[in-house]
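Read-outs: derived from the displayed coordinates by stated rules, not from any lab. Quantities reported herein were computed from a predicted structural model and do not represent experimental measurements. For neighbour counting, all protein chains shown are included, and Cβ atoms are generated from backbone atoms with ideal geometry for every residue, glycine included.
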Amino acid sequence: MIKLLVIEDHPVIVLGLRNMFRPSRDNIEITSTANDLNEALKYDPSGDFNIILLDLWLPEGDPEENFIKVKKHFQGKPVVVYTSEQSFRWQQKMFKAGISGYLIKSADKTTIKSTLEKVSQGEIVFSYTMEQYRSKNALLETGHHPAGLTTDQQKVIAWLSEGQSLKQIAAKQGKSVSSIEKMLNQLRKRFNANTNVELLKILMLQNPD
């Protein structure tokens, strides 16, 4: 059972989470809540919860400082940021600080549940934006083109790793979006990848010819 301590100053958000998840159905339960950081830090670190859901923008304190205080007080318990802040800058800062996951409040139930389940199993769950960033950097650091790809495929993968849209890539290639989608679909099947981000990660780990 995933048991949550939710640190959130808007009661309607907490109510929404309670309505979204049912312990008997979803294996997720909100066992504790706190309206602010001071209230949260009064909880026993060994309390009946195994993941902490932390609002990025609480009324008091800097987000990074708040996270450090929570992480120090609840040692060994993963912290997932739950926020409306979608900027890449804040995602990058919080992952560098050591969070285990980053959830946007507009995320659907499936995404939230999947993230919490992965975190409960010890994974660090990056957002799609962060996955693109990490894949791009890793591709650049390896200093090679993915093996076995045509020149056009290499270009498409390079542009995709930079976060460019399929429309932008199609324009650069002088092709239709559907043709780029078809190319990527063929590559995903070839490398047994479910998503483009997963494809980038697989190609990133390839050794050069």
Longer than 21 Å from Cα to Cα, which of K42/K96; K155/K189; K72/K113; K69/K109 are they? Say none if no pair is.
K42/K96; K72/K113; K69/K109
Once you have a ≥ b ≥ c as the square roots of the Cα gyration tensor eigenvalues for the stretch 1-42, tell me rounded if a/c is under 1.5, and otherwise prolate or oblate according to whether a/b is larger than b/c.
oblate
Highest-MSF residue in the chain out of R188, R25, R89 [GNM, Cα springs under 10 Å]
R25
Here the convex hull volume per residue of the stretch 2-126, taken over Cα atoms and given in Å³, is 94 Å³
Surrounding net charge for V119, when Lys and Arg each add one and Asp and Glu each subtract one, Cβ distance under 13 Å
+2
Connecting C-alpha atoms closer than 10 Å in a GNM of the chain, tell me which of N196, N38, N19 has the biggest fluctuation.
N19
For K3, give me every one of the aspartates and glutamates with a C-alpha distance below 15 angstrom, ignoring sequence neighbours fewer than eight places off in its own chain.
D26, E29, D44, D48, E117
What is the magnitude of the charge dipole of the chain about its Cα centre, with +1 placed on the Cβ of each Lys and Arg, -1 on the Cβ of each Asp and Glu, and no other charges, expressed in debye to the nearest 20?
840 debye
Please work out the FRET efficiency for the pair S176 and K155, using the Cβ-Cβ distance as r and a Förster radius of 22 Å; give the result to the nearest 0.05.
0.90
Sites S165 and R190 - FRET efficiency at Förster radius 22 Å, r taken between beta-carbons, to 0.05:
0.50
Taking N as the number of residues in the chain, what is its Cα Rg relative to 2.2 N^0.38 Å?
1.20
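At a Förster distance of 22 Å, what's the computed FRET efficiency of S24 paired with W57, Cβ-Cβ distance as r, to 0.05?
0.10
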Treating only the Cβ atoms of Lys and Arg (+1) and Asp and Glu (-1) as charged, compute the dipole magnitude of the stretch 1-42 about its Cα centre; round to the nearest 20 debye.
240 debye
Helix-derived mean residue ellipticity, 222 nm - over the chain, DSSP H n ≥ 4, -39500 (n - 2.57), to 500:
-15000 deg cm²/dmol
Extended-chain gain in nm, criterion 0.36 nm per residue less alpha-carbon gap, T111 and V12
33.7 nm
Note down the relative contact order for the chain as a percent, whole number, built from C-alpha pairs under 8 angstrom at least six residues apart.
14 percent
